[in-house]
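Trainee: Let me begin by handing over the structure; questions about it come next.
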Amino acid sequence: MSKPAIEVVTTPLAALDTPLLALAIAEGTGVPASLAALDQAGGGVLGRAIASGDFSGKRDETSLLYPAGGKTQRILLVGMGKPAEVTRTSIRRAAAVAAKRARALGAKQLSVGVAAEARKATTAVEIGQAVAEGVGQGAWAFTELKAASEKPKPEVETVAIVCEARESKDVAAGQRIGEAIGAGHQLARYLQMQPGNVCTPAYLANQAKRLADAYGFRLTVLDRAQIQAEGMGALLAVAQGSAQEPRFIVLEHRGAGEAAPVVLIGKGVTFDSGGISIKPAQNMEEMKFDMSGAAAVLGTFEVVGRLNPKLNVIGVIPATENLPSGTAVKPGDVIKSHFGKTIEIINTDAEGRLILCDALSYVRRFKPAAVVDAATLTGAVVVALGHAATGMMGTDESLLAEVREAGERAGERCWPLPLWDEYRDLLKSDIADVKNSAGRGAGTITGGWFLREFVDGYPWVHLDIAGTAYTESETPYQAKGPTAVGVRLFSELVLKRAGA
């Protein structure tokens with residue numbers, strides 16, 4: 001689908017001519033003073049909805065109203081919850097709810113306003129950014145592989161962010177950032193939705209080339225022979241069961257001369273059957289989402305290309321399928337990694353850490369200031385944290401705090417897990433330097449500890465997004481399926497470091 005065009009308008013709400021006006025409002029017992037003129041122009045429709053209890057402002061609550069007067073045809077009230085708890089994430093979420101509802105209503109034009117009383121300490125720049133991100137998230141739908149409907153719903157084509165004239169410059173500055181992040185978010189979800197027979201390792205490499213051509217990034221793509229020459233035995237071991245050739249993809253944005261770069265690594269398993277340690281058939285189709293880390297990196301480079309931050313950013317994607325065959329790696333095999341350590345294969349379904357360990361070793365040549373990887377690594381993180389938070393581990397407390405704060409700003413919350421030495425003992429092998437699986441106990445942590453074995457000379461954080469990369473049900477603010485998790489977090493991290 002196309003992304004809605006977003007603009008900033010300063011027309012007073014009471015005089016706004018629009019087919020649909022969405023208003024983000026916090027909980028309360030009356031019409032906010034900032035909306036009094038609109039309520040009067042609409043014949044008291046807001047006041048009646050609130051006084052009757054039809055709308056209270058609870059989070060994600062909506063009420064569609066038809067004003068008796070004025071130029072606004074319909075008003076959609078969207079709740080943000082308790083006033084003291086409103087943040088930029090609340091505003092982003094409310095904008096997403098509004099855009100998703102607008103799409104359901106078939107509204108091509110949508111105007112969005114935030115009641116001044118609900119803003120709390122949120123700045124005009126943050127409002128512009130949050131609304132732009134939210135409408136892109138909520139209006140998204142993936143329909144390109146379906147036959148055209150006899151009665152298709154029109155897409156949301158234009159969105160107007162309504163604000164006061166004195167704040168329009170700041171809102172527009174935030175809108176520019178939010179629109180770029182929204183474009184990256186949309187790209188990541190588009191890639192996540194592609195079936196495995198479309199989104200192959202070569203397909204991801206082609207997407208990286210498209211970005212490099214569009215924005216002038218430096219691109220390196222290694223094929224199987226080059227990966228072998230580089231000594232990436234762990235990536236090759238995962239790839240050897242598939243007819244699809246692996247790719248090792250490196251995108252480089254040079255925005256700060258010779259300064260040490262921030263490196264973002266994304267797991268790119270384009271379909272994960274589990275290999276010889278094959279997964280159950282039920283829900284295996286969802287394993288097309290095992291490249292969600294790679295999608296987050298590519299989506300972030302869409303953002304970087306549009307905003308051109310003054311920072312050196314490198315994206316790295318090891319890409320492969322994980323399939324069983326007569327040539328597939330087997331439990332009991334011992335392989336040699338790029339780092340030089342040998343790995344005993346206990347479970348071929350613990351493949352993400354194998355391809356990531358070669359990437360973590362490879363990036364040492366860049367002498368990075370920080371390395372953050374995102375991967376749908378373990379089902380155990382869903383047991384630990386459910387679908388509300390991403391698991392995080394790392395070697396540097398300062399970087400852990402920085403990444404966690406970026407996640408809070410992005411609405412992609414992370415929760416730290418310990419990498420204590422006792423967990424390393426679970427990965428000891430009788431015949432190799434390390435084994436790739438320690439069993440069910442502390443599965444997310446031992447997965448992180450395995451990666452730590454290949455981190456050398458730089459601060460590092462690992463994000464396990466297996467519980468947050470996609471949803472199995474619809475929500476008021478998001479369609480079922482991919483979430484593009486990581487795009488907003490990575491973007492916030494990069495932009496903050498760049499001083500943007």
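The values are calculated or read from the model by the stated rules, or taken from the named source; none is laboratory data. The shown structure was predicted, so the numbers you read here are calculated from the model rather than taken from an experiment. When we count neighbours, we look across all protein chains shown, and the Cβ atoms used for this are built from the backbone with ideal geometry, even at glycine. Heads up: the accessible areas ignore ligands, DNA and RNA and are worked out on the full protein's heavy atoms, side chains in. Shrake-Rupley method; radii C 1.70, N 1.55, O 1.52, S 1.80 Å.
Trainee: Would you list, by chain and number, the aspartates and glutamates whose Cα falls below 17 Å from the Cα of Lys367, excluding same-chain residues fewer than 8 positions away?
Mentor: Result set, ordered by chain and number: Glu252, Glu258, Asp358, Asp396, Asp456.
Trainee: Compute the acute angle (0 to 90°) between the alpha-carbon long axis of helix 88-105 and the principal axis of greatest extent of the alpha-carbon atoms of the chain; round to the nearest 10°.
Mentor: Its long axis makes an angle of about 70 degrees.
Trainee: Here's a follow-up. Note down the magnitude of the dipole of the chain about its Cα centre, charges +1 on Lys and Arg C-beta and -1 on Asp and Glu C-beta and zero elsewhere, to the nearest 20 debye.
Mentor: 860 debye
Trainee: Right, another one. For an R0 of 22 angstrom, estimate the FRET efficiency from the Cβ-Cβ distance between Asp396 and Ala500 and round to the nearest 0.05.
Mentor: 0.45
Trainee: Rounded to the nearest percent, how much of the accessible area of the stretch 45-108 (1.4 Å probe, protein heavy atoms only) is carbon and sulfur?
Mentor: C and S atoms contribute 48 percent here.
Trainee: If you don't mind, there's one more thing I want to ask. Could you work out the per residue convex hull volume over the alpha carbons of the stretch 391-500, in cubic angstrom?
Mentor: About 123 Å³ per residue, rounded to a whole number.
Trainee: How much of the calculated P(r) for the stretch 205-257 lies past 15 Å, in percent of all Cα pairs?
Mentor: Counting pairs separated by more than 15 Å, the tail of P(r) holds 53 percent.
Trainee: Ordered by residue, what ³J(HN,Hα) values in Hz, to whole numbers, does the stretch 112-123 give under the Karplus form 6.51 cos²θ - 1.76 cosθ + 1.60, where θ = phi - 60° and Gly and Pro are x?
Mentor: Computed from phi, the couplings for the stretch 112-123 are 10, x, 10, 4, 4, 5, 8, 6, 6, 9, 5, 7 Hz.
Trainee: Here's something else I'd like to know. Could you name the lysines in cross-link range of Lys341, using Cα to Cα under 16 Å and dropping any fewer than eight places away on the same chain?
Mentor: Straight-distance partners of Lys341: Lys428, Lys435.
Trainee: Show me the three semi-axes of the equivalent ellipsoid for the stretch 175-294, from the C-alpha gyration tensor (sqrt of 5 times each eigenvalue), largest first, rounded to whole Å.
Mentor: 27, 20, 12
Trainee: Now for a different question. Using the Karplus curve 6.51 cos²θ - 1.76 cosθ + 1.60 with θ = phi - 60°, work out ³J(HN,Hα) for each residue of the stretch 217-231 in order, rounded to whole Hz, and write x for Gly and Pro.
Mentor: 3J(HN,Hα) across the stretch 217-231, in whole Hz: 6, 7, 10, 10, 10, 9, 8, 4, 5, 6, 5, 5, 5, 6, x.
Trainee: When N is the residue count of the stretch 291-418, what does its C-alpha Rg come to as a fraction of 2.2 N^0.38 Å?
Mentor: 1.18
Trainee: Right, here's the next one. Calculate the tail of P(r) for the stretch 342-412: the fraction of all Cα-Cα distances greater than 13 Å, expressed in %.
Mentor: 74 percent
Trainee: Shifting gears a bit: Quick one: helix 168-193 against the long Cα principal axis of the chain, what's the angle to the nearest 10°, folded into 0 to 90?
Mentor: Computed tilt is about 50 degrees.
Trainee: For a 21 Å ceiling on Cα separation, which of these pairs sit above it: Lys82/Lys496; Lys3/Lys58; Lys82/Lys480; Lys100/Lys169; Lys71/Lys108; Lys146/Lys288?
Mentor: Exceeds cut-off: Lys82/Lys496; Lys3/Lys58; Lys82/Lys480; Lys100/Lys169.
Trainee: Can you send over the carbon and sulfur percentage of the accessible area for the stretch 151-301, probe radius 1.4 Å, protein chains only?
Mentor: Heavy-atom surface of the stretch 151-301 belonging to carbon and sulfur, 1.4 Å probe: 51 percent.
Trainee: How many Å² of accessible area per residue for the stretch 344-461, probe 1.4 Å?
Mentor: For the stretch 344-461, the per-residue accessible area is 39 Å².
Trainee: Now for a separate question. With θ taken as phi - 60° and the coefficients 6.51, -1.76 and 1.60, list the Karplus ³J(HN,Hα) couplings across the stretch 433-448 in order, rounded to whole Hz; mark glycine and proline as x.
Mentor: Result, rounded to whole Hz: 5, 7, 10, 8, 8, 10, x, 6, x, 6, x, 5, 5, 5, x, x.
Trainee: With N set to the residue count of the stretch 229-380, report its C-alpha Rg divided by 2.2 N^0.38 Å to two decimal places.
Mentor: 1.07
Trainee: Sorting check: for 404-410, 444-450, 393-399, which peptide has the highest mean count of neighbouring beta carbons within 10 Å, and how do the rest follow?
Mentor: Answer by packing, highest mean first, reads 444-450, 404-410, 393-399.
Trainee: Over the stretch 328-435, what percent of the accessible surface lies on carbon and sulfur atoms, probe 1.4 Å?
Mentor: Ligands and nucleic acids excluded, carbon and sulfur give 51 percent.
Trainee: Sorted from largest to smallest, which semi-axis lengths in Å does the alpha carbon gyration tensor of the stretch 1-55 give for its equivalent ellipsoid, taking the root of 5 times each eigenvalue?
Mentor: The three semi-axes for the stretch 1-55 are 24, 14, 10 Å.
Trainee: Given the DSSP H assignment, sum -39500 (n - 2.57) over each helix run of at least 4 residues in the chain and divide by its residue total; what's the result at 222 nm in deg cm²/dmol, nearest 500?
Mentor: The per-residue figure over the chain is -10500 deg cm²/dmol.
Trainee: Shifting gears a bit: Note the angle between two axes, namely the Cα long axis of helix 201-215 and the longest principal axis of the Cα atoms of the chain, as a number of degrees from 0 to 90, rounded to the nearest 10.
Mentor: 50 degrees
Trainee: P(r) for the chain, please, calculated from all Cα pair distances in 20 Å bins and given in %.
Mentor: 24, 51, 22, 3
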